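The values are calculated or read from the model by the stated rules, or taken from the named source; none is laboratory data. As the structure is a prediction and not an experimental result, all values here were calculated from the model. Every residue, glycine among them, receives a Cβ derived from its backbone with ideal geometry; neighbour counts consider all protein chains shown. Ligands, DNA and RNA are stripped out before the accessible areas are found, and what is left, the full protein with its side chains, is counted by its heavy atoms. Shrake-Rupley method; radii C 1.70, N 1.55, O 1.52, S 1.80 Å.
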Amino acid sequence: MMTSVVIAGPGRVGLALAAALQQSGVFREVVVFGRHARPSNHPVLQEPDVRYVFGIEAIPDDAEAVFLAVPDAAVPEITFSIAALGPAPRDCAVFHLSGTLPTDVLEPLHRSGYGVGSFRPLVVLNDPIDGPARLRGAYVAVTAAPDPLRTARRIAEAMGARAFPVPAVRRPLFEAAVALGGGALVPLISHALHLLVQAGVDPDEATPALLSLARSVLVALEEDGVEQTLSGPVLRGDLEATDLHLRALQGDDQRLYAVLSRETLRLASTGDSRSGLDEGARAELEELLGRYAGRETTGAGAES
């Protein structure tokens, strides 16, 4: 039997989810709750199996899941509002999409009989139009008890995504990893772009050139792993080139280069990488990088 799914919040992420679920063909109906009397002109809201609701209404009896795609500050309010509508439909789960809030914030819904959890797609959804394409092949981190976890897996699979569990007590550590592996790439690329322009590269060429390089690194990581993708002068033991790079940089750029180069050196020494550094060269590099990595900065660098 086909079920329905409810999405509270027709923003970028909410509409991307709605479109992905509607396109899956798995659900009888996708219901979207919104705060505006006139919905947006997103194509998914014109589909016959998608229904827009101004405000909220009773959750359908055949609802399999409710997604709270609203800002973190609005999650408690929508939680109490849905809980006030009455008991949960059988086997229905509610998920918030926040990377910050614990699942405890959904306790009023749990008391109403809902399974509760967090559903965190690990993908950037800036544009709801291409959201379904981005969700296909993406991973979704889920924190939930076994029953809602199974629901989350089914729904992720329907979108072409893959869900995996993250224990509640480990979520801060998990989110820190996501911030480093995802969000931190943006300022890192920004620093590198600024330096390319400083080096005389036309800005119109700098961005596509650097993004092409970044994509090639990601492909290599996927195909060959971390150890075999490490690169740079420290991996070759090139003290002269490393020193030259550091002296060409200033402020935060200089320290960032030194810190990341030290991490490259550490990774090269802990696995079966292509580095053949002897202890003498490694010690010299470590001493050089340590001097710059420990320096205090005044904010000067790429953002100055």
Is it true that some residue in segment 190-205 is hydroxyl-bearing (S, T, Y) and closer than 23 Å to S261 by Cβ?
yes
Being open to solvent by less than 60 Å² (accessible area, probe 1.4 Å), in contact (Cβ under 8 Å) with a residue 12 or more places away in the chain and within 21 Å of the chain's Cα centre (by Cα): is that true of A214 here?
yes
How many residues does segment 55-100 contain that are assigned to a loop (DSSP other than H, G, I, E, B) and more than 21 Å from the chain's Cα centre (by Cα)?
17
E29 free of Cβ contacts under 8 Å to residues at least 60 places away in the same chain and either touching a His at 6+ places or on another chain (Cβ under 6 Å) or within 26 Å of E157 (Cβ to Cβ) (or both):
yes
A careful count of residues in segment 57-74 that are closer than 25 Å to A158 by Cα and surrounded by 14 or more Cβ atoms within 10 Å (Cβ to Cβ) gives 11
Subset of segment 227-247 (residues that are open to solvent by 80 Å² or more (accessible area, probe 1.4 Å) and over 20 Å from D278 (Cα atoms))
L244, R247
Residue under question is A179, and the condition is that it be within 14 Å of A20 (Cβ to Cβ), of a type outside the set (S, T, Y) and without any contact (Cβ under 8 Å) to a residue 24 or more places away in the chain; does it hold?
no
Pair list, Cβ under 8 Å, 6 or more apart: segment 132-155 residue in contact (Cβ under 8 Å) with a residue 24 or more places away in the chain and closer than 16 Å to A18 by Cα, other residue open to solvent by less than 60 Å² (accessible area, probe 1.4 Å) and of a type in the set (K, R)
V140/R120
Matching option when the condition is closer than 22 Å to A199 by Cβ and touching a helix residue (DSSP H, G or I) at 6+ places or on another chain (Cβ under 9 Å), among Q250, Q254
Q254
Considering only residues that are open to solvent by 10 Å² or more (accessible area, probe 1.4 Å) and not in a strand (DSSP E or B), which ones fall in segment 16-30?
Q22, Q23, S24, G25, V26
Quick one: in segment 31-54, which of the residues that are assigned to a helix (DSSP H, G or I) and hydrophobic (A, V, I, L, M, F, W, C) is most open to solvent (accessible area, probe 1.4 Å)?
L45
Go through (1) closer than 13 Å to G11 by Cβ; (2) touching a Pro at 6+ places or on another chain (Cβ under 8 Å); (3) at pLDDT 95 or above for A74 and report which single condition fails.
(2)
Hand me the list of strands (runs of 3 or more DSSP E) wholly inside segment 101-211 holding 3 or more residues that are open to solvent by less than 60 Å² (accessible area, probe 1.4 Å) and of a type outside the set (D, E, K, R).
115-121, 139-144
Only residues in segment 255-268 that are surrounded by 15 or more Cβ atoms within 10 Å (Cβ to Cβ) count as the first member; pair them with residues that are not hydrophobic (A, V, I, L, M, F, W, C), Cβ under 6 angstrom, at least 6 apart or cross-chain, and list the lot.
R255/R295; R255/T297; A258/Y292; T264/G232; A268/S275
